[in-house]
Amino acid sequence: MRKGGWYWADGLIDASAQHPQLIIDMATLTGAAKTALGNDYHALFSFDDTLAGRLLSSAAQENEPFWRLPLAEFHRNQLPSNFAELNNTGSAAYPAGASTAAGFLSHFVENYREGWLHIDCSATYRKAPVEQWAAGATGLGVRTIANLLTA
């Protein structure tokens, strides 16, 4: 995750300070989601089962591939540090890198248990063309988010 997680943390703190009903963040903080799901799916993380279900329903309606990966309270505690309250780098002791990264981000969302979605969007870009995508940006997820917000 390295320093990018701290930049994302600042944005989540600022967004939370506005007290919105919904926060959606999309980032590729680690390669772990891509390792788990390959290049064709976005990974979804949320403590809010209802909201996650709504997003997955929107994705199905738009025929965009999203897959929910685990995110539990214990993932929030898998970044211990000897020097700070929280570490931004995982370790071999806690190998669930994508879930641990989402757990890290949850520390910066005021009401992380409701109204927050983290999407690891590694499927939005292709280095080389494949059967269904040209090289470059795919736009994958845009229709799903629009559907979710307008439903």
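None of the figures in this text is laboratory data; all of them are computed from the coordinates on show. Here the structure is a predicted model, which is why all the values come from computation and not from measurement. Quick reminder, even Gly has a Cβ in these numbers, built from the backbone with ideal geometry, and neighbours come from all protein chains shown.
Whats the longest run of the chain with zero trypsin sites (Lys or Arg not before Pro) that are DSSP loop and have at most 11 other Cβ atoms within 10 Å? Please list the in-between numbers first.
Values: sites that count: 2, 3, 113, 127.
Counting at most 11 other Cβ atoms within 10 Å as exposed, the longest clean stretch of the chain is 4-112.
Which residue fluctuates most in the GNM of the chain (Cα springs below 10 Å): 30, 138, 124?
Highest fluctuation among the options: 138.
Please identify, among 57, 46, 99, the residue showing maximal mean-square fluctuation in a Gaussian network model of the chain using a 10 angstrom Cα cutoff.
57
How large is log10 I(q)/I(0) at q = 0.08, 0.14, 0.19, 0.20 Å⁻¹ when the Debye formula is applied to the Cα atoms of region 4-150, each weighted equally and without solvent?
Taken in order of the listed q values, log10 I(q)/I(0) reads -0.22, -0.66, -1.18, -1.28.
Mind checking the angle between helix 97-106 and the chain's longest principal axis? C-alpha axes, 0 to 90 degrees, to the nearest 10.
Here the helix axis deviates by roughly 70 degrees.
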